[in-house]
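Read the structure below first, then the notes.
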Amino acid sequence: MSYQFITSAKLPTRYGEFDIHIFENEDGQEHVMLTVGLPVVDPDTATPSERPAPLIRIHSECLTGDAFSSLKCDCGPQLNSAMQAIQEAGCGAILYLRQEGRGIGLTNKIRAYALQDQGHDTLDANLMLGLPADARIYDMCGPMLAHIGVDAVRLITNNPNKIAYLTEHGINVVERVPLLVGVNDMNAEYLATKRDRMGHLLDKDFNTAIHLNK
Ligand SMILES: Nc1nc2c(ncn2[C@@H]2O[C@H](COP(=O)(O)OP(=O)(O)OP(=O)(O)O)[C@@H](O)[C@H]2O)c(=O)[nH]1
Ligand SMILES: [Zn+2]
C-alpha cells in the first residue's frame, strides 16, 4: 500500500499548538499526524538529523475512548498524556492511525463489546466473531515519519508489536517510554488480558508499565 501526504495546518489544542498533517492511502483511507518542533523535510535531499530521537506515539483510533471518554479501555487518557508529554518536550509526533478496534472496524468492535457484555474477554470476543485478535498494520508509519525526517524514535507504548514492526522496517527505537494512565475498575480486566494474553509490557498490579530492559 502506498501513502501520500495531502495537506497540513496549525491545530491549537488545550495542550498547546500542533501541526496536523493528513495522509491518504490508495483506497482513500486517511491517517493523521500531529507534530511539534519537527519541520517537514524533502526526503530526496534530507540528511541524517543531529537532534536527539523525538518522542513518538503511534495511536490506533478508538472512537469510544478517544471521543466519548469510555472507561472500557485506556485509549483516551493515553492519547491525552502523549499529547501533553510531546508538548512538554517541545518536539515529537502522534501518528493517529485510523484502524479502529485494533483494525476490525467500529461495527465489529461494538459486536465484540456485546460479547464482552456477556463475559468474554477482549481477545476471545474478536476470535468468536471470526476475526483476528489484532488486525492492525503499521506500514503507514515509515512514510509518515519520513515526511518529518525521523528515522529514530523514543516510542511511547506498552505494545511490543509496535517496537518490533518499526525495528524490522529500519526505524531505530532508541528507547521505549512506558505509558500507564487511566486505569479504572472497568478496564482493569481489559489491561490484564492485554498483559497476559497479548504480551503487553504491564506489571502485575498495573503499578508501573514495565521498562524494556528490566
Ligand atoms: N477489537 C477490540 N479493539 C479494542 C478494544 N478496546 C480497545 N480497542 C482498540 O484497541 C486499539 C488500541 O490501540 P493503541 O492505543 O494504539 O494501543 P495498544 O496497541 O493497546 O498499545 P499501547 O501503545 O501500549 O497503548 C484501538 O484501535 C482501540 O479501538 C476491544 O475490546 N476490542
Ligand atoms: Zn480504546
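No lab work stands behind these numbers, since they all come straight from the coordinates. All of these numbers come straight from a predicted model, not from anything done at the bench. We place every Cβ from the backbone using ideal geometry, glycine too, and count neighbours over all the protein chains shown.
Structure values in brief
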item: Average Cα contact separation per residue, the chain, under 8 Å, 6 or more apart, as relative contact order %; result: 21
item: Dipole of the chain [Lys/Arg +1, Asp/Glu -1 at C-beta], most positive-end residue of Ala85, Gly105, Leu145; result: Ala85
item: Longest DSSP-loop-exposure-free segment, GluC sites (Glu not before Pro), the chain, at most 12 other Cβ within 10 Å; result: 51-214
item: Pair-distance profile P(r), taking every C-alpha pair of the stretch 39-110, with 5 angstrom steps and integer %; result: 3, 15, 20, 19, 14, 11, 9, 6, 3, 0
item: Antiparallel DSSP beta bridges within the chain, percent to nearest 5; result: 65
item: Dipole in debye (nearest 20) - the chain, about Cα centre, beta carbon charges: Lys, Arg +1; Asp, Glu -1; result: 440
item: Over the chain: helical MRE at 222 nm, DSSP H runs n ≥ 4 each giving -39500 (n - 2.57), nearest 500; result: -8500 deg cm²/dmol
item: Relative intensity, log₁₀ I(q)/I(0), of the chain from a Debye sum that treats every alpha carbon as a point, q = 0.19 Å⁻¹; result: -1.58
